[in-house]
Amino acid sequence: MAGYARTERTLLADLLLEVGPEAPTMCAGWTARDLAAHLVVRERRPDAAAGVLVRPLAGHGEHVRRAKAARPYTEVVQEVRTPPWWSPVSNPLTDELFNTVEFFIHHEDVRRARPDWQPRVLDRGEQAAIWKALRFTARLALRRLGRTVRVEAPGFGVFQAGDGEPATVLTGEPGELTLFLSGRQRVARVDVTGDESIRTARLSM
């Protein structure tokens, strides 16, 4: 199995060290230090990571994340680079499933917050892996909009959220569509046909 999750993890860790702890990211209000701490907590503290999905636990999760962010930055980045084997989301059986898209998105969060960025050219295997995940998660995100949206990735496939004629058609590469549908519309290279309001809609997968 191709190690796209491991590759994206390594590239992100290298970039986090290059840009430094106070570098901006595409995650609103978060610096590189904040993002690195989030990734470590997600993998190493399931009790705190649950706060992303369970609202009553959100305060605990943020407290743990802030405490991690206060640690020496190079140590935190090293923990990003070397996940524990026992992690529910990063063990050898789950790593590709849970982390290929996660680390691709956050790698781009750091890259695209910098001036003069350009899209990377991903190999077809990685694009296919991202597309497979997107087909499932994006339907859940798009249903909240209450309109029909068709998503097209030429050479990879098409899917639709909602019934009937789509109000909006999104076209792009799988990686760019993933960024768009995870709330990074401003920096995603995606063509929108139809209702353009989706460019400013609150999207999250």
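Key figures for this structure:
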| quantity | calculated |
| --- | --- |
| Cα-based Kirkwood hydrodynamic radius, the range 47-166, one decimal, Å | 17.4 |
| Residue of VAL192, VAL40, VAL101 that the Gaussian network model of the chain assigns the largest fluctuation, springs spanning Cα pairs under 10 Å | VAL192 |
| Area projected by the alpha carbon convex hull of the chain, averaged over all directions, nm² | 11.6 |
| Whole-number accessible area per residue in Å² for the chain, which is evaluated in the context of all protein chains at 1.4 Å | 52 |
| Per principal axis, descending, Cα span of the range 106-167 in whole Å | 39, 24, 17 |
| Rounded percent of accessible protein surface that carbon and sulfur make up, the chain, 1.4 Å probe | 55 |
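The values are calculated or read from the model by the stated rules, or taken from the named source; none is laboratory data. These numbers come from a predicted model, not from an experiment. When the accessible area is computed, the model is the full protein with side chains, heavy atoms only, and any ligands, DNA or RNA have been set aside. Shrake-Rupley method; radii C 1.70, N 1.55, O 1.52, S 1.80 Å.
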